[in-house]
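The values are calculated or read from the model by the stated rules, or taken from the named source; none is laboratory data. Everything numeric in this text was worked out from a predicted model, so none of it was measured. A quick note on method: Cβ atoms are made from the backbone with ideal geometry, for glycine too, and the neighbour counts reach across all protein chains shown.
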Amino acid sequence: MNIYSIPVYYISFGKNLELEKRLIEQGFTNINHFEAIDGKKLKRKKLKKKKMITVRTYVDLINKRGETWGIPSLGAVGCTLSHNELWKKCVNENMEHIIIVENDVVFKNKFSDDDIEFINNSLSDPQSSFFGSKTYIENKMNRIDGTQFCILSKYCCKELTKHVFPIDVQTDVYISNLKNIGLIKFKCKFLTSQKLHNSLIQTICLKCNLPNTNLFYYLFVFILLCLLFCVYYYFYNYRKCAEKKLSI
């Protein structure tokens, strides 16, 4: 398979000529722009009413997420909706494969012959796809770290569109989950990353990094009380000593 002739759709607010140039330098020939769905224009209540998001996502959007895989912003909902439109496009236009690229993709290097061979082996199964991302284990689940570059088969796109609503997790977690329950297949190789920038999608999640067991907080309060007692005891004795010296 000549992966460079597969239609490439990059998701962006407006055309990104610099990204198009980098895609051409990689060797891709069929490059298309897809206008990203602006999550900031979406309404939480309307999304919930139409059953496009779960109640948990709705609450997360109001009170901030409590898990790393939760929905951090309406921008994340827009991201999934953008990907879903391209999944549908692949199915409706009967494409065997589609390449989806996000606006902030960074290619580590030009694909080598070994990379091309790996990608082709990944796509040899019509039910399988390829992601140029890192993978890791989280809560006993295999996860891909980002959807900045992927080559999806028509079969995978069909499965992804079937189960996307209501949106409950971020796009990469949703795709990972479908693989973990056996509905799709894919392989990964760390060929791309994402630019470091202020994202309209991701937000800092303080609650995600805090322990979720009461024991931690009990111990924290106990240690804090002990420290306060030690400070009080130290200054109490210091004052007593000072008063004795003055009396002498």
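Below are the figures for this structure:
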| item | result |
| --- | --- |
| Condition broken by Lys40, with the remaining ones in (1) assigned to a helix (DSSP H, G or I); (2) within 22 Å of the chain's Cα centre (by Cα); (3) surrounded by 12 or more Cβ atoms within 10 Å (Cβ to Cβ) satisfied | (3) |
| Filtered residue count, region 136-145, keeping only those that are more than 12 Å from Ile175 (Cα to Cα) and either at pLDDT below 80 or within 13 Å of the chain's Cα centre (by Cα) (or both) | 4 |
| Residue satisfying condition, being on the phi > 0 side of the Ramachandran plot and either at pLDDT below 95 or not assigned by TED's automatic domain parsing to the domain that holds Lys140 (or both), within set Lys51, Lys64 | Lys64 |
| Wholly within region 47-162, strands (runs of 3 or more DSSP E) carrying at least 2 residues that are in contact with a Ser or Thr (Cβ under 6 Å, 6 or more places away or on another chain) | 105-107, 128-131, 141-144, 149-153 |
| Any hit, region 208-223, residues being assigned to a helix (DSSP H, G or I), more than 25 Å from Ser12 (Cβ to Cβ) and at pLDDT 95 or above | no |
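Residue by residue, here is whether (1) in the same structural domain as Lys51 (by TED's automatic domain parsing); (2) within 22 Å of His33 (Cβ to Cβ); (3) out of contact with any Cys (no Cβ under 7 Å at 6 or more places or on another chain); (4) surrounded by 19 or more Cβ atoms within 10 Å (Cβ to Cβ) holds:
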position	(1), (2), (3), (4)
Ser82	yes, yes, yes, yes
Glu102	yes, yes, yes, yes
Ser112	yes, no, yes, no
Asp125	yes, no, yes, no
Gln148	yes, yes, yes, yes
Cys156	yes, no, yes, yes
Phe165	yes, no, yes, no
Ser193	yes, yes, yes, no
